[in-house]
Each structure stands twice: as C-alpha cells, then as structure tokens.
Amino acid sequence: MEYHDSERAEELAEKTRAFVDEVVIPKEREMTGGTKADAETIAELREEAQSRDLYAPQISEEYGGMGVAFRDVLPVFEEAGRSLLAPPALRVDAPDEGNMHTLEIAGTEEQKDEWLRPLVAGEYRSAFSMTEPRQGGGADPKMVKTTAEKDGDEWVLNGHKWWITNGSTAEFFITLARTDMDSHPYEGCSLIIVPKGTDGLEVERDIPHIGDDITSMVHSEVRYDDVRVPAENLLGGEGEGFTIAQKRLAPARLTHCMRYSGMAGRALDVAKAYTSDREAFGSPVADWQGPRFDIAEAETNLHAARVMVRHAARQVTEGKQARTEISMCKFFTANVVQNAIDTALQLCGASGVGKDLPIADFYENVRQFRIVDGPDEVHKRVIARAAFEDVDESELDRLPTF
Ligand SMILES: Cc1cc2nc3c(=O)[nH]c(=O)nc-3n(C[C@H](O)[C@H](O)[C@H](O)COP(=O)(O)OP(=O)(O)OC[C@H]3O[C@@H](n4cnc5c(N)ncnc54)[C@H](O)[C@@H]3O)c2cc1C
C-alpha cells in the first residue's frame with residue numbers, strides 16, 4: 001500500500017503551512033478571549049490566500065477553485081486545521097465545502113451558476129438541512145419526516161430541522177425531504193434547494209452550544225411551513241437524496257478528519273513548546289517521563305489516524321465506496337484528536353484552560369466531532385456489520401477442546 005503524499009500534495013501543504021503560520025495565526029492571536037472574526041477579517045485572509053494560489057483548491061477551476069485532485073488536497077485540509085480561522089480563509093470550511101462538492105457533482109449548469117459560483121467566491125454561505133428533532137431523522141437519518149410534495153411546477157415543503165450549521169447566515173438550504181412516502185426513505189427522499197427568505201421558511205433560533213469560538217459558527221433550528229420553491233430547485237434526480245448525501249458525506253468525513261488532525265497536531269506542538277519551557281520540581285516538565293509518554297502516545301495515534309485517512313482517500317479516488325474504511329477513519333480519528341487535545345490542555349496546566357493559547361478553543365470545538373457526520377456508535381455499527389458478514393463458524397471446529 002502506498003501512503004506517501006504526491007509531490008504536488010507536499011508542495012501545496014508546505015505553502016498552506018507557511019500561509020497559516022505567517023498570516024492566519026498572527027491574526028488569530030489578536031482575537032483571544034471571545035473576540036469573533038468578522039466578515040472583513042475573513043475577506044482579507046481570503047484575498048491573501050488567493051494571492052498565494054491557495055484558494056478553494058478542492059473546487060474545479062471552472063467554478064473558481066484550483067482543481068486539485070482529492071488525494072492531493074487532503075494535506076491542505078490538515079494544514080488548514082491548525083487554526084480555526086484557516087478553513088474559512090482557504091474556503092475549505094464545513095459545511096460550505098461539502099455543499100460546493102454536492103452542487104458540483106449533482107447540480108445543473110443553472111444551479112451551478114446561481115449557487116455554486118457565488119458560494120466558491122465567498123459571497124454566499126450555505127446550509128445542509130438534514131437533522132430533525134424528536135421522532136425525525138438524526139443518527140438514523142432514514143427517520144426523516146420533512147416532506148416535499150409536488151404541486152404543479154412547484155415543490156411544497158413542510159418540516160422541522162435543527163442543528164443546521166449556518167442556518168441564520170445561509171443564502172440557501174440544501175434540504176433533505178421525503179418526496180415519495182410509499183418508497184423506503186433511501187429511495188424516496190430528494191434534495192431541494194430552498195433560498196433564504198422564501199415564504200414559510202423560518203429560522204427560529206441559533207442553538208446555544210459549546211465551542212462558540214473565534215469563527216462564531218451558528219447552528220440553527222428551522223421550520224418549513226408550506227414553503228414553495230420551483231420544481232427546478234430539485235438537486236439531482238427525484239429519489240436520489242440519500243445517494244447524493246452519501247457521495248457528499250464520504251469525502252467530507254475524510255476532509256473533516258484531516259482538519260481535526262491538523263488541530264490536534266497544533267495543540268500538541270503548543271504543549272511540547274510549553275512543557276519544554278515550563279519548569280516544575282527542578283527540571284522542564286517535558287523532561288519528566290509521564291508527559292513524554294503522553295506525547296508519544298498522542299503522536300502515535302495521530303500518525304495512525306493520518307495513515308488510515310490516506311488509505312481510505314486512495315480507495316475513494318479509485319472509485320470505491322470504502323464505507324467501512326471511512327467509518328473506521330471517522331470514529332477512530334474523532335477519538336484520537338479529542339484525546340490528543342485533552343492531553344495537550346492538561347500539559348499546559350492553567351494556560352491550557354485559558355484562551356491566551358488556542359488549545360481551549362480546540363478543546364471546546366473538538367467534542368462535536370464524535371457526533372457530527374454520524375456519532376461514533378453509528379460508525380461502529382457499520383464496521384461491525386462488515387466484520388460479522390462472513391463469520392466462519394467452522395473456526396470452532398479447529399479448537400479441539402471446544
Ligand atoms: C455542531 C454541530 C453541527 C451540525 N451541523 C449539522 C448540519 O449542518 N446539518 C445537519 O443536517 N445536521 C447537523 N448536525 C447534526 C448532526 O448531524 C447530528 O447531531 C448527528 O447526525 C446525530 O443525530 P442526533 O443529534 O439527532 O442524535 P440522536 O439520533 O438523538 O442520537 C443520540 C445518541 O444516541 C446514540 N445512538 C444512536 N444510534 C445508536 C445505535 N445504533 N447504537 C448505539 N447508540 C446509538 C449515540 O450516542 C447518539 O449520539 C450538527 C450537529 C452538531 C453538534
């Protein structure tokens with residue numbers, strides 16, 4: 001198996017690291033203690049990213065990106081993850097990055113002109129509207145209750161969604177709804193683009209949450225009450241909602257893993273610097289074996305996560321679904337990065353809790369990763385299903401004492 005990044009990937013990653021170190025982190029450090037990055041700051045960072053040929057690397061040139069192949073672009077996501085401000089600066093930020101990908105693979109030329117181009121350019125934000133409260137779709141998305149019925153040349157949507165990132169700031173919502181109540185949801189759901197301000201679409205509130213960091217991302221509760229949109233707002237084919245969502249989520253899970261690996265890597269870098277400088281009981285903290293072993297363990301797990309993601313990315317590039325491998329990456333990486341950031345925080349003592357260092361923001365932000373894009377348990381379910389597919393009961397016959 002080949003796990004090396006290509007020359008192109010290494011060159012891009014190096015350029016991204018320089019951009020993050022020289023431009024993004026100094027800006028980030030001006031904003032400690034609850035300050036939020038405003039639109040002007042993000043626009044300035046984007047301009048600098050563009051001047052360094054690093055803007056929207058994952059999107060085709062035709063739509064305003066750089067057209068870098070999926071495997072080559074992953075290390076860029078990793079470097080971007082080292083600051084919470086870098087993904088929006090480079091336009092590799094969720095959920096817009098996943099929505100751009102969805103529009104690119106499933107949109108009509110008209111939809112691409114209307115929604116994708118301004119999204120890539122950073123003029124728009126977008127939302128992916130799938131999760132629902134109570135008896136609706138969540139960890140089990142096929143429980144989706146939102147409906148879209150055809151009425152003449154319009155779709156009429158009714159439903160209740162929540163945890164919709166960018167809900168109150170998005171120009172449009174890619175909404176998963178049931179369009180055929182008689183089919184299994186996997187065949188009876190579709191994606192429909194709903195522009196903000198459409199009658200009957202109400203963003204009720206932004207949900208208070210942990211991890212309200214420098215990027216001030218919002219996650220909103222949204223109601224659809226007889227929302228009418230033109231028939232041509234269907235994204236992809238009727239009944240293809242889950243198929244397209246899966247095509248979106250598979251690579252998006254890997255890009256998420258890479259961003260979070262970068263975040264954990266920076267947390268460990270800060271902790272190594274802090275413990276090398278800080279003395280306790282007569283020597284630098286970094287000289288004590290306990291902290292050294294903690295770092296060794298965190299680095300080893302992080303390395304394993306990065307290798308797993310590269311392996312799965314290779315399969316995706318070869319056109320394979322790689323469902324089990326992607327679930328392994330998502331569940332394993334989410335836990336590895338959470339533990340690494342917790343270790344880094346502990347090793348920095350009170351400074352780890354304070355917001356003079358970036359670790360506290362990382363600590364608050366990373367917890368969601370074990371839940372979004374499928375909770376750990378759902379991914380373990382996928383892995384276990386594959387593991388139990390071909391149980392060979394004759395194994396027992398080979399045990400003479402059984
Ligand atoms: C910060 C953030 C941003 C988000 N952004 C978006 C977004 O932009 N768009 C969107 O549509 N959604 C978004 N979500 C929602 C996210 O996708 C869901 O939270 C996730 O899919 C889980 O659904 P749920 O919260 O309804 O969990 P539930 O369905 O309520 O499940 C609760 C818990 O039950 C357990 N569980 C579930 N199934 C099993 C099982 N089979 N075996 C064992 N245990 C199980 C798990 O521990 C799970 O965490 C976001 C969530 C967060 C926290």
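Of everything listed in (1) more than 16 Å from the ligand (Cβ to nearest atom); (2) open to solvent by less than 30 Å² (accessible area, probe 1.4 Å); (3) more than 30 Å from residue 28 (Cα to Cα), the single unmet condition for residue 153 is (2). Scanning the stretch 205-241 for residues that are open to solvent by less than 20 Å² (accessible area, probe 1.4 Å) and modelled with pLDDT under 95, we see that the one that is farthest from the ligand (Cβ to nearest atom) is 214.
Before we move on, is residue 338 of a type in the set (S, T, N, Q) and either touching a Cys at 6+ places or on another chain (Cβ under 7 Å) or within 24 Å of residue 216 (Cβ to Cβ) (or both)? Taking the combined requirement at face value, the residue satisfies it. Criterion applied to 334, 322 was being touching a residue at least 40 places away in the same chain (Cβ under 8 Å) and under 22 Å from residue 362 (Cβ atoms), and the one residue passing it is 334. In the stretch 305-318, what residues are closer than 18 Å to residue 335 by Cα and open to solvent by 40 Å² or more (accessible area, probe 1.4 Å)? Scanning the stretch 305-318 gives 306, 307, 308. Condition test on residue 127, is it within 14 Å of the ligand (Cβ to nearest atom), hydrophobic (A, V, I, L, M, F, W, C), open to solvent by less than 20 Å² (accessible area, probe 1.4 Å) and in contact with a helix residue (DSSP H, G or I) (Cβ under 9 Å, 6 or more places away or on another chain)? It is true that residue 127 is within 14 Å of the ligand (Cβ to nearest atom), hydrophobic (A, V, I, L, M, F, W, C), open to solvent by less than 20 Å² (accessible area, probe 1.4 Å) and in contact with a helix residue (DSSP H, G or I) (Cβ under 9 Å, 6 or more places away or on another chain).
Restricting attention to the stretch 102-123, the residues that are assigned to a helix (DSSP H, G or I) and surrounded by fewer than 23 Cβ atoms within 10 Å (Cβ to Cβ) add up to 11.
The values are calculated or read from the model by the stated rules, or taken from the named source; none is laboratory data. Just so you know, these numbers come straight off a predicted model, no measurement behind them. Neighbour counts run over all protein chains shown; Cβ positions are idealised from the backbone, glycine included. When the accessible area is computed, the model is the full protein with side chains, heavy atoms only, and any ligands, DNA or RNA have been set aside. Shrake-Rupley method; radii C 1.70, N 1.55, O 1.52, S 1.80 Å.
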